[in-house]
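One structure is given here, and the rest of the page talks about it.
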Amino acid sequence: MSQLATSLKNPADTDAARYPGRRFAQIVKLKPEFVDQYKEVHAAVWPEVLWQIKDCNIKDYSIFYDAESGILFASFKYVGSDYAADMERMRANPKVREWWRMTDGMQESLVPGAKDSESGEPSWWKPVEEVFYAA
């Protein structure tokens, strides 16, 4: 197929069109003594971590911080077709696991029985329910 024909493909044939995205939101508590350090490391996220996030079909990933409650609120869109498999691939990356070990130490999970991000279930970040969405 010519380059021109490739560029004129129907946009509905893209992965984003086939999998329009499932939104996720999660919370965790940031230990007050690590606020500055947490912000610093997230101002310079390791390239391997950023690559793995993208490769696992995660888009529009943001983390917000509420200083009054100490809560971190994360939201992202998953645009793949097999979330469990993509999260296993994320967990298999040694650099991601190293990142999680560093950042988990700065956090306090709100999920009873959670050990760390590497362990999987129960999850370290607490999922929160979406109660409203307007596109």
Open item on the list: Just to be sure before I move on: is Lys54 of a type in the set (Lys, Arg), in contact with a helix residue (DSSP H, G or I) (Cβ under 7 Å, 6 or more places away or on another chain), surrounded by fewer than 17 Cβ atoms within 10 Å (Cβ to Cβ) and under 19 Å from Val41 (Cα atoms) in the structure I sent?
Closed with: no
Task: Leu50 vs. criteria over 28 Å from Ala135 (Cα atoms) and either at pLDDT 95 or above or in contact with a strand residue (DSSP E or B) (Cβ under 9 Å, 6 or more places away or on another chain) (or both) - done: no
Task: From the options Glu68, Glu108, residue that is touching a strand residue (DSSP E or B) at 6+ places or on another chain (Cβ under 6 Å) and over 22 Å from Arg22 (Cα atoms) - done: Glu108
- [ ] Could you list all residues from the stretch 31-57 that are more than 13 Å from the chain's Cα centre (by Cα) and part of a loop (DSSP other than H, G, I, E, B)?
- [x] Lys31, Ala43, Ala44, Trp46
Task: Failed item in (1) within 12 Å of the chain's Cα centre (by Cα); (2) free of Cβ contacts under 8 Å to residues at least 12 places away in the same chain; (3) on the phi > 0 side of the Ramachandran plot, with Asp60 passing the rest - done: (2)
- [ ] Keeping to the stretch 61-114, report how many residues are in a strand (DSSP E or B) and in contact with a Phe, Trp or Tyr (Cβ under 9 Å, 6 or more places away or on another chain).
- [x] 15
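The values are calculated or read from the model by the stated rules, or taken from the named source; none is laboratory data. As the structure is a prediction and not an experimental result, all values here were calculated from the model. Backbone-built Cβ (ideal geometry, glycine too); neighbour counts: all protein chains shown.
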